[in-house]
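Worksheet for the structure shown next.
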Amino acid sequence: MSAVATRIALVGNPNCGKTALFNQLTGGRQKVANYAGVTVERKEGRFVAPSGRTLHVLDLPGAYSFDATSPDEAITRDVCHGRYPGEAAPDLIVCVADATNLRLHLRFVLEVRRLGRPVVLALNMMDAARRRGIVIDVARLSQRLGVPVVETVAVKRGGAKALIERIDASVPNVVPAPIDQAGVDELHAEVRAILADTVTLPRDTVAIDDAIDRWALHPVFGLAILAALMFFIFQAVFSWAQPVMDGIEAGIAALGTFVTGFLPEGSALHSLLNDGLFAGLGAVLVFLPQILILFLFILVLEESGYLPRAAFLLDRMMFRVGLTGRAFIPLLSSFACAIPGIMATRSIQDPRDRLTTILVAPLMTCSARLPVYTLLIAAFIPNRSVWGLFNLQGIVLFTLYFAGIFSALGVAFVMKRLRKDKSEHALIMELPSYRLPNVRDIALGLWERALIFLKRVGGIILALTVLLWFLSSFPGPPPGATQPAIDYSIAGRLGRMLEYVFSPIGFNWQICVALVPGLAAREVAVAALGTVYAMSGSDDALASQLGPVIAQQWTLATALSLLAWYVFAPQCMSTLAVIRRETNSWRNVAVAAGYLFGLAYLASLATYQIARALS
Amino acid sequence: MRLSDAPKGAQAVVQSVTDAHPADPIAQRLRDLGFVAGEPVRLVARGPLGGDPLLIQIGSTRFALRKTEAARVEISVGGAA
């Protein structure tokens with residue numbers, strides 16, 4: 001074996017501060033991708049050591065044991081054993097352990113040591129350990145383990161200095177003697193013996209954790225705190241994101257007009273750039289503000305240690321319908337937009353729980369449904385009070401939201417019943433100590449999310465938007481045409497054909513034509529309806545013109561049916577694109593689209609027929 | 001006594017973890033996490049809905065375990081055992 005360690009793998013228990021240490025080592029020089037064929041995140045970075053050598057660092061997923069229970073842990077196990085296809089075995093393993101939680105973390109250190117590869121132990125969070133009066137005899141620990149031990153404070157500038165020096169001093173390639181395959185009890189016995197010899201622990205828990213948890217996990221106050229927190233996050237997402245989103249849309253539109261200014265108006269290229277390319281670019285970028293704001297909160301909640309507490313509070317409710325407590329935050333995020341919601345399911349390690357969450361996330365009423373809902377409600381539902389207390393329009397909107405939630409719970413429950421694998425999947429979730437989130441770690445996390453979205457989802461959305469533009473624009477209207485141009489296009493013809501399918505649920509051909517470009521995003525359907533009824537203007541002006549027209553031409557049954565349609569229909573290709581990316585499977589996209597269309601059709605059929613029978 | 005039936009706040013000691021079925025991965029994971037004979041454990045809190053999941057303290061670590069998971073852990077309650 002060479003004396004130069006160039007490929008370093010970071011391993012450790014979840015919550016050991018490994019990723020913060022990785023950020024500390026590599027700064028912004030990171031590459032985030034997926035391991036081939038699975039949706040486990042692969043984070044690699046590099047740094048130049050004081051000696052001038054470039055070292056590559058792989059941040060392996062957190063693991064409690066090599067006896068893997070999730071795809072994350074299986075990857076850590078296989079890479080460490082040097083048997084993961086396409087990954088070279090690491091020259092040096094840096095095992096990260098939380099100095100305040102050695103009883104748990106040392107056991108995994110012993111497992112790693114057994115590999116017989118060069119290992120350095122990084123005792124992380126040494127500052128917290130000192131504050132708690134934990135005294136660790138580092139020299140003695142190193143001696144007992146037979147591996148070098150360094151102290152680190154990953155959240156402090158320069159907190160990894162000792163580790164870098166140790167790595168750089170070309171870690172002695174002393175291969176630690178693998179201990180014989182001791183059973184679980186023997187490993188724990190060894191941990192106990194080492195702890196007794198090297199660590200003085202004044203008390204098991206941190207007073208502040210106990211104090212916060214008394215409130216945060218309280219049956220009444222805990223739920224109240226969670227509700228208040230969620231309410232605040234929602235307020236922030238809607239009030240902060242909206243102006244930025246409007247700005248992005250206006251900016252992209254202005255840019256499109258500027259770029260295409262020299263092209264003849266009405267030419268195909270002019271239209272392609274404006275209504276295809278720039279519209280597609282706008283459709284991608286407009287999601288960014290909500291994604292960033294939501295993930296800002298999610299990352300802060302995660303880093304502070306609150307996220308598992310929220311999961312603890314709600315696990316029972318979620319578990320009954322076949323989900324897990326960890327699904328709560330992703331599903332809640334989906335009320336703003338299913339895209340960050342589905343991206344947030346990465347915090348669910350269990351593949352079955354994660355897939356269920358991804359498949360029901362589109363049922364949460366996202367903000368893009370609101371323009372459609374408000375248009376139809378304003379046009380068809382009388383604005384009158386009910387029992388002198390509620391507003392009928394408000395009640396209808398509320399009903400639509402709850403229809404989404406209840407159907408999500410229902411679908412999860414049915415999936416739980418239908419699936420063949422009925423084995424018990426564990427919750428077993430660590431509730432880490434509370435910590436103050438670190439600004440740099442949050443910023444890097446946000447940067448990663450933004451890149452993942454733009455690189456992996458943006459391309460699909462852009463391509464589909466251009467395709468829809470093509471369908472809606474070609475062929476152009478013949479000379480002397482009297483109908484709006486879209487009628488003559490492929491989309492128009494598709495819409496007319498769809499009328500046969502959709503007339504039982506009360507949709508006229510205008511609605512059917514609008515549904516096709518409405519696939520780009522739900523709110524586009526409003527603009528498309530405007531086009532079909534030959535109107536123009538901004539979205540708001542359109543909605544106010546369109547309202548009276550459809551109120552005259554449609555029956556109430558048709559309007560209610562369309563509302564029911566929008567509760568379920570997968571009228572957003574971006575969501576399907578993100579499902580493809582996050583599950584790495586077209587089959588799951590087909591399952592999601594199929595069941596959502598099925599539900600939408602049935603719900604609209606029932607709504608239309610009942611409403612017609614009653615009127 | 002099973003950990004799932006432990007009185008709240010009482011100090012207890014793990015006796016064993018039983019497999020609910022042969023090669024039970026959940027029991028194995030509990031052992032890996034330190035639920036082995038002789039370790040002191042404490043039930044800190046119960047979930048707000050139906051008293052599930054349970055918040056269990058073992059060593060300086062806290063875990064949320066569903067009742068069915070905690071039922072695999074056999075304990076003895078009573079001070080210095």
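Quick notes on this structure:
- Nearest-20 debye value, the range A:459-614 charge dipole, Cβ charges on Lys, Arg, Asp, Glu: 380 debye
- Near the amide H of B:ARG2, within less than 5 Å, lie the amide hydrogens of B:ILE75, all on another chain or at least 5 residues away, with H placed in the peptide plane.
- Between helix A:288-304 and chain A: long-axis angle, C-alpha atoms, 0 to 90°, nearest 10: 30 degrees
- Calculated FRET efficiency, A:PHE221 to A:ASP137, Cβ-Cβ distance, R0 = 45 Å: about 0.60 to the nearest 0.05.
- Candidate cross-link partners of A:LYS156 among the lysines, defined by an alpha-carbon separation under 23 Å and a same-chain spacing of 8 or more, comprise A:LYS18, A:LYS31, A:LYS43.
- Heavy-atom SASA rank of A:TYR608, A:TYR35, A:TYR434, A:TYR500 (probe 1.4 Å, accessible area, largest first): A:TYR500, A:TYR434, A:TYR608, A:TYR35
- Per-residue SASA entry for A:HIS81, accessible area with 1.4 Å probe, Å² rounded to 10: 70 Å²
- Relative intensity of the protein assembly as shown on a log10 scale, I(q)/I(0) at q = 0.05, 0.07, 0.08 Å⁻¹, equals -0.29, -0.55, -0.70, per a Debye sum over C-alpha point scatterers of equal strength in the absence of solvent.
- Share of carbon and sulfur in the accessible area of the protein assembly as shown stands at 64%, probe radius 1.4 Å.
- Using a Förster distance of 51 Å, the FRET efficiency for A:PHE258-B:SER16 (Cβ separation, nearest 0.05): 0.10
- Remark: the range A:408-414, residue by residue, has Karplus-estimated 3J(HN,Hα) of 4, 4, x, 5, 4, 5, 5 Hz, where x stands for each Gly or Pro and the curve is 6.51 cos²θ - 1.76 cosθ + 1.60 at θ = phi - 60°.
- Equivalent ellipsoid semi-axes, the range A:389-489, via Cα gyration tensor eigenvalues times 5, rooted, Å: 43, 28, 21
- Within straight-line reach of A:LYS422, meaning a Cα separation under 19 Å, sit the following lysines at least 8 residues removed in sequence or on another chain: B:LYS67.
- Relative contact order for the range A:282-406, counting Cα pairs under 8 Å that sit 6 or more residues apart, in percent: 16 percent
- Between A:ARG352 and A:PHE597, the FRET efficiency from the beta-carbon distance, with R0 = 22 Å, is close to 0.40.
- Kirkwood Rh and Cα Rg combined as Rg over Rh, evaluated for the range A:7-204: 0.94
- Using C-alpha pairs below 8 Å separated by at least 6 residues, the relative contact order for chain A is 11 percent.
- Cα-based helix-to-principal-axis angle, A:351-360 vs chain A, degrees rounded to 10: 20 degrees
- Across the range A:459-614, the relative contact order, built from alpha-carbon pairs under 8 Å that are at least six residues apart, equals 22 percent.
- Normalised by 2.2 N^0.38 Å, with N the number of residues, the alpha-carbon radius of gyration of the range A:459-614 equals 1.07.
- Modelled this way, with points 7 Å down the Cα-to-C-beta line, the labels at A:LEU451 and A:PHE234 are 3.4 nm from one another.
- At least 20 Å² accessible surface lost relative to isolated chain, residues of the range B:50-67 (1.4 Å probe): B:ASP52, B:PRO53, B:LEU55, B:GLN57, B:GLY59, B:SER60, B:THR61, B:ARG62, B:PHE63, B:ALA64, B:ARG66
- The distance between label points at A:PHE402 and A:ARG46 comes to 5.9 nm (points 7 Å beyond Cα on the Cα→Cβ vector).
- Ellipticity at 222 nm from helices only: DSSP H runs of n ≥ 4 in chain A, each -39500 (n - 2.57), divided by the residue count, give -18000 deg cm²/dmol.
- Taking Cα atoms only, the orientation of helix A:490-502 departs from the longest principal axis of chain A by about 90 degrees.
- Considering only the protein assembly as shown, percent of DSSP beta bridges that pair antiparallel, nearest 5: 65 percent
- As a ratio to 2.2 N^0.38 Å, the alpha-carbon radius of gyration for the range B:3-77 is 0.99.
- With the simple model of a label 7 Å out from the Cα in the direction of the Cβ, A:TYR500 to A:GLN552 spans 3.2 nm.
- Restricting chain B to trypsin sites (Lys or Arg not before Pro) that sit in a DSSP loop and have at most 13 other Cβ atoms within 10 Å of their own Cβ leaves B:LYS8.
- Solvent accessible area, Å² - B:MET1, 1.4 Å probe, full protein context: 100 Å²
The values are calculated or read from the model by the stated rules, or taken from the named source; none is laboratory data. Treat the numbers as computed from the prediction; the structure is a model and nothing was measured. Using ideal geometry, Cβ is built from the backbone for each residue, glycine included, and neighbour counts are taken over all protein chains shown. For accessibility, only protein heavy atoms count, side chains too; no ligands or nucleic acids. Shrake-Rupley method; radii C 1.70, N 1.55, O 1.52, S 1.80 Å.
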